[in-house]
Amino acid sequence: MYRGEATGRASGHTAIEAIGLGKRYRRRWALRDCTFRLPAGRICALVGPAGAGKSTLLALASGLTRPTEGTVRVCGAGPATPDGRARVAHVTQGRPLYPRLTVAETLRLGRELNPGRWNQRCAEQIVYDGRVPLDARVGTLSGEQRTHLALALAFAKDPELLLLDELPPYPGRAGAGLSRAAAGRVPPSGPDPLVRHRIAALLLARAAEHGTTVVLSSHLLAELDGVCDYLLVLGGGRVRLAGEVDDVIGAHTLVMGPRRGDALPPRIAAHTVVEARMTDSQFTAVVRRQGTVAAGPWEAVEPSLEELLLAYLRAPDAPELIAPSAEPVSPRLRRRPGNKPGIPGMPRNGPSARPDLPPVRHGPPGGAAHTEHDHHSGKGAAA
Amino acid sequence: MSTTAHLGASGRGGTAHDAGDTDGRRAAAGRAPLRGLAWLVWRQHRLVFGVLFAATVAGAVWCTVLRGQMAGFIDAHHIAGCSEISLVPRCEGTQAAVTEFRTAYRSNLQLVEVGLLLLPALIGLFIGAPLIARELEAGTHKLILTQSVGPLRWLAAKIALPALVVLAATTALSLVFGLLWQVGGDEVSGSYWYSTAGFSSLGPVPVAYALLGLAVGVLAGLLLRRTVVSMAVTLTAMAVVQFAFTQLRPHLMPVVTTKFGRGESAQLPDDGWLVAQGSYTGSGGRVPDTACQPYSDYEACLRKHDVVGQYMDQHPVSHHWPLAWIESGIVLAVAGVLTVIAFRVMRRRHG
């Protein structure tokens, strides 16, 4: 059952590759011209405001819906092929389960519908760890228990790619069926941070054990730091940011200093300004560096993941940033005239050759390596 | 799922494994013969299948009891094949007995007929429409479509298993009703084979309509994605189709025309289905009966139209089974087309 190194991390394998991917529902484009590559073995955060197309992208990658235009491949297979279906697990929004089936029957559903791939021991372990009674009806489970059951179904399938829509479990009882709008209004403090941490820990442990690539969509930005090593930000139905978390953070600088006049200092504005905010006496700007940030009466530090994401979410018109590792390997089928390949300040090919960019890391996933990371180290910031 | 898995598990984890594996072994040991998707579809819809099974058994028992009672009455009064006004010599003097028979049993017989007439719509309403619509409404189709089985195999199982159950139930009911009909149908009860309810409950017709109801319900659910809306649409569609076929039915086969010369008494057998009648002319043309009114100069009018006799278009009783099979064939073909459309919709939507 174990795939070993063939598709493990540090390999050149691709978990998801989307080229010009688009999906239209009636008249509205939920996703448009979406092009990126997710290398295998990463824990990828899929971030974006409500309606950015996160769920649509996951549904396209798992073959739940078919693209209106463009292509997407998962683990080298089409998502809507038997091969693709077998390799991808998708825990959809709201955790749909049959309320009248018992937990044991739901696991049997997984066994019957994934012949040859099902790992009953793995499923029962996850269900047991989540304190989900096997003989309970699914309709009587709590939100956390439902998520455990859904994850048990997903992991026992032994997927190469796990897509998880909305990381935090919904508050309230099962079957309450929170609407999208209501789910979007869950306060940042969330239903129960302990529950979220337990789920995240389970996810990371299982993913590390099996070498599973994980994509999790979330609107709780603070939760993602230390969990994810890859980033995919959607906005307005397009890819805004894609790449290794460290690469993406390393390409940006958070500059804070005293305010003089209405505009940013020219030497700051010379970089690509993602977002600038002014208070009475201070300016705060997140910039994508063009060269190094000149010294001046300001402090330049590396932004945290949350700061960076918030900057991009607050500035929907900021230019997009696709890191080299997120560039599709397959030739693009279609390129729009204004869509320049690569981005200034980032190398086109291979890992970073620039001294001020951190090298591409190929460490194991999971919290341990990442939580130690200090994003405010000032690494490569004010030279 | 190997039992050696316990070795690696902690003591507490082992308990859970034991429970699950026991369950797994029980299932594998043949307690449940169904596997894969068939098991799932059976597990999901076993309640409604159970209701259908119970209704079938109840209907069969009721028909058998009714048949016994009718046969006893008919034998006791020697009224087999006699209608209330009969020209058959051996039926002379049985009119009172036939009337008594009809008073006692006709409503019961019609109850069964109407039940079989409505059964296809009910099957479409309560089995076909919710089959897919409820999944789409609750989002549970995503649970299935993210497993390893594809959408087309899922739809196939979702349609095939209920179709088999419906086929078995309606075939059984149709057969039992056929036996009841042999005893109490046609002349003696006055419910002839060509009556709307009678034709729809005999032979292959109710089976074909039941499968059509299922197909209509499944397609409506797939397209509309709402259970209640698809139930309403299924009911409407089945009512329209069944009404349309009552209008179309006489034209499914060429009628037999019987001509009676002037002065002959125009009389068909009781079990013939009179479709049209009127007068015909010397040149072979047809004149509707309304052309000449009896209270004016009737004879002059007939002469003016060159009427030489009466004709009657009818389907004799020998047309019953050909008509039933033709109609069933068309209905089944429609059901098949709808099912193909459902598969195409599924393939377009989910690949």
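Computed from the coordinates by the stated procedures, all read-outs in this text should not be read as laboratory data. Note that the structure is a prediction, hence the values are computed from the model and not measured. Note: ideal-geometry Cβ built from the backbone for every residue, glycine included; neighbour counts use all protein chains shown.
Numerical summary
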{"quantity": "Cleavage-rule hits, trypsin sites (Lys or Arg not before Pro), the stretch A:216-294, DSSP coil, Cβ neighbours within 10 Å at most 14", "calculated": "A:Arg260"}
{"quantity": "Inter-label distance, nm, simple model (7 Å from Cα along the C-beta direction), B:Arg349/A:Ala201", "calculated": "4.1"}
{"quantity": "Per-peptide average of other Cβ atoms within 10 Å, ordering B:160-169, B:218-227, B:90-99, B:243-252 highest first", "calculated": "B:218-227, B:160-169, B:90-99, B:243-252"}
{"quantity": "Exposure proxy ranking, count of Cβ atoms within 10 Å, fewest first, for A:Val293, B:Val340", "calculated": "B:Val340, A:Val293"}
{"quantity": "For residues of A:119-130, the mean tally of beta carbons on other chains within 10 Å", "calculated": "5"}
{"quantity": "Trypsin sites (Lys or Arg not before Pro) restricted to DSSP loop in the stretch A:12-114 with at most 10 other C-beta within 10 Å", "calculated": "A:Arg26, A:Arg27"}
{"quantity": "Per-residue average of Cβ from other chains inside 10 Å of A:60-73", "calculated": "2"}
{"quantity": "Cα Rg, Dmax, the stretch B:256-318, angstrom units", "calculated": "12.3, 40"}
{"quantity": "Exposure proxy ranking, count of Cβ atoms within 10 Å, fewest first, for B:Glu187, A:Glu69, A:Glu209", "calculated": "A:Glu209, A:Glu69, B:Glu187"}
{"quantity": "The stretch A:99-143 and the stretch B:142-181: distance between their alpha carbon centers, rounded to Å", "calculated": "27"}
{"quantity": "Chain B, relative contact order [Cα under 8 Å, separation at least 6], %", "calculated": "20"}
{"quantity": "Global form of chain B, assessed from the alpha-carbon gyration tensor, a/c cut-off 1.5", "calculated": "prolate"}
{"quantity": "Degrees between helix B:11-26 axis and first principal axis of chain B (Cα, 0 to 90, nearest 10)", "calculated": "30"}
{"quantity": "Stokes-Einstein D in µm²/s, Kirkwood radius over Cα pairs - the stretch A:200-273 at 37 °C with 0.692 mPa s viscosity", "calculated": "213"}
{"quantity": "Candidates B:Ala104, B:Ala300, B:Ala208: whichever shows maximal mean-square fluctuation once chain B is modelled as a Gaussian network with Cα springs under 10 Å", "calculated": "B:Ala300"}
{"quantity": "Rounded tilt (10° steps) of B:227-248 against the dominant C-alpha axis of chain B", "calculated": "30"}
{"quantity": "Span from the the stretch B:90-121 Cα centroid across to the the stretch B:231-306 one, whole angstrom", "calculated": "26"}
{"quantity": "Most mobile listed residue (B:Gly284, B:Gly309, B:Gly81) in chain B, GNM with C-alpha springs under 10 Å", "calculated": "B:Gly284"}
{"quantity": "For B:Gly309, distant residues with modelled amide H under 5 Å away", "calculated": "B:Tyr280"}
{"quantity": "Percent of C-alpha pairs per 10 Å bin, the stretch B:172-299, short to long", "calculated": "10, 26, 26, 19, 13, 5, 1"}
{"quantity": "For the stretch A:101-159, the spread of Cα positions along each principal axis, largest first, Å", "calculated": "30, 19, 14"}
{"quantity": "Cα centroid separation, the stretch B:202-229 to the stretch A:292-322 (Å)", "calculated": "59"}
{"quantity": "FRET efficiency for B:Ser195 and A:Ala136, using Cβ-Cβ distance with R0 set to 51 Å, rounded to 0.05", "calculated": "0.40"}
{"quantity": "Unmatched cysteines, chain B - criterion: no other Cβ of a Cys under 4.7 angstrom", "calculated": "B:Cys63"}
{"quantity": "Förster radius 51 Å - calculated FRET efficiency between A:Ala263 and A:Arg28 (Cβ-Cβ, nearest 0.05)", "calculated": "0.90"}
